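Before any comments, here is the structure.
The values are calculated or read from the model by the stated rules, or taken from the named source; none is laboratory data. Quick caveat, the model's predicted, so the values are computed rather than measured. Ideal geometry is used to build each Cβ from the backbone, glycine not excepted, and the neighbour counts take in all protein chains shown. We work out accessible area using only protein heavy atoms, side chains counted, and drop any ligands, DNA or RNA first. Shrake-Rupley method; radii C 1.70, N 1.55, O 1.52, S 1.80 Å.
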Amino acid sequence: MPVVLNEIKQAEMILEKGEVGNKPTSTLFLLSKYYRQKLKLSEKKTSEKLNEFMNTNYKNYNPVLWENIIEDISRKGKKYELRNVESVGITQSELNRIKSAKTKNHKKILFTMLCFAKLYNITSPNNNNWVNADIKEIFKTARVIVKHREDKFLLLNDLESNGYISFSSKNDNLNMKINFIDNINESILYIMDFRELGYEYLNYIKDGNFTRCKICDRLIRKTSKNIQYCAECKEAKKLEKYIKYNQKRN
């Protein structure tokens with residue numbers, strides 16, 4: 001599941017639409033946090049609510065097979081704080097620093113890491129500008145594709161050697177720290193969706209033609225006039241149409 005800024009709104013939307021999603025355990029964990037922290041339900045009551053949600057919305061759901069998983073998720077619902085962030089603000093000086101990077105890929109990676117670091121600064125006062133996201137997630141969210149795995153590290157090493165980021169001093173820690181975060185000046189750009197941070201940056205600098213999905217508001221590249229939905233919502237609409245067609249036939 002992508003990083004969600006406002007987990008309360010996301011949980012309420014999931015419950016309203018009955019969407020289990022492609023990763024049921026991630027959905028259940030978010031709902032567990034919502035039930036335990038927002039609605040103040042007990043561990044037992046949370047298990048019951050998660051069971052009810054799955055029974056209603058997950059095809060071929062077998063409560064016996066999911067029992068231990070749901071109990072574990074319900075138990076951990078209070079372990080991690082429910083995130084309630086409306087947006088992450090970016091300042092002009094931060095955008096100027098990103099603009100000075102060598103290539104478009106460098107810029108998209110820097111913008112993505114900056115957004116992650118600023119988000120975790122908001123939710124964890126002691127974060128101190130660390131990115132706290134794995135490299136695979138960073139490149140995927142930044143929409144940066146490389147031919148070889150080593151190319152990712154070459155790109156990151158390049159950013160480190162030019163002072164944009166710092167690596168952890170611990171040998172077994174691949175985490176990175178942003179060195180140009182501006183906590184003084186007011187933000188001029190506000191990011192409310194972390195699903196397509198590479199596109200968010202390109203859209204801001206007007207590099208390419210983008211639009212937002214009419215259903216989920218995801219930023220998508222507009223390759224033709226007829227594009228209205230992201231890939232996931234397009235497939236969901238196809239499935240919905242197929243189900244309705246079969247219902248009429250029967």
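Being of a type in the set (D, E, K, R) and at pLDDT below 85 holds for only one residue in Lys234, Lys248, and it is Lys248. Beta carbons closer than 8 Å, at least 6 apart along the sequence or on distinct chains, pair a first residue in the stretch 173-190 that is polar (S, T, N, Q) with a second that is in a loop (DSSP other than H, G, I, E, B) for Asn175/Val131; Asn175/Asn132; Asn175/Ser168; Asn179/Asn129; Asn179/Gly163; Asn179/Tyr164. Which members of the stretch 1-24 meet the condition of being within 21 Å of Ile122 (Cβ to Cβ) and part of a loop (DSSP other than H, G, I, E, B)? Of everything in the stretch 1-24, those that are within 21 Å of Ile122 (Cβ to Cβ) and part of a loop (DSSP other than H, G, I, E, B) turn out to be Met1, Pro2, Val3, Val4, Leu5. Take Lys49 and tell me if it is touching a helix residue (DSSP H, G or I) at 6+ places or on another chain (Cβ under 6 Å) and open to solvent by 50 Å² or more (accessible area, probe 1.4 Å). Judged against the criteria, Lys49 is a match. When the residues of the stretch 95-111 are filtered to those that are under 21 Å from the mean Cα position of the chain (by Cα) and of a type outside the set (A, V, I, L, M, F, W, C), which remaining residue is surrounded by the most Cβ atoms within 10 Å (Cβ to Cβ)? Ranking the qualifying residues of the stretch 95-111, first place goes to Lys108. Consider Ile184 against the criteria (1) among the β-branched types (Val, Ile, Thr); (2) open to solvent by 40 Å² or more (accessible area, probe 1.4 Å); (3) touching a helix residue (DSSP H, G or I) at 6+ places or on another chain (Cβ under 6 Å); (4) closer than 25 Å to Leu95 by Cβ: it satisfies all of them except one. Which criterion is unmet? Going through (1) among the β-branched types (Val, Ile, Thr); (2) open to solvent by 40 Å² or more (accessible area, probe 1.4 Å); (3) touching a helix residue (DSSP H, G or I) at 6+ places or on another chain (Cβ under 6 Å); (4) closer than 25 Å to Leu95 by Cβ one by one, Ile184 breaks only (3).
The number of residues in the stretch 187-213 that are crowded, with 16+ Cβ neighbours inside 10 Å and among the aliphatic types (A, V, I, L, M) comes to 4.
Could you tell me whether Ile184 is at pLDDT 95 or above and more than 24 Å from Asn203 (Cβ to Cβ)? So Ile184 fits the description; yes. Among the conditions (1) part of a helix (DSSP H, G or I); (2) at pLDDT below 95; (3) among the polar types (S, T, N, Q), Ser47 misses just one, which is (2). Filtering the stretch 159-181 to residues that are surrounded by 10 or more Cβ atoms within 10 Å (Cβ to Cβ), assigned to a loop (DSSP other than H, G, I, E, B) and of a type in the set (Gly, Ala, Ser) leaves Gly163, Ser168. Scanning the stretch 214-246 for residues that are assigned to a loop (DSSP other than H, G, I, E, B) and either within 19 Å of Glu19 (Cβ to Cβ) or open to solvent by less than 100 Å² (accessible area, probe 1.4 Å) (or both) yields Lys214, Ile215, Cys216, Asp217, Arg218, Lys222, Ser224, Ile227, Gln228, Tyr229, Cys230.
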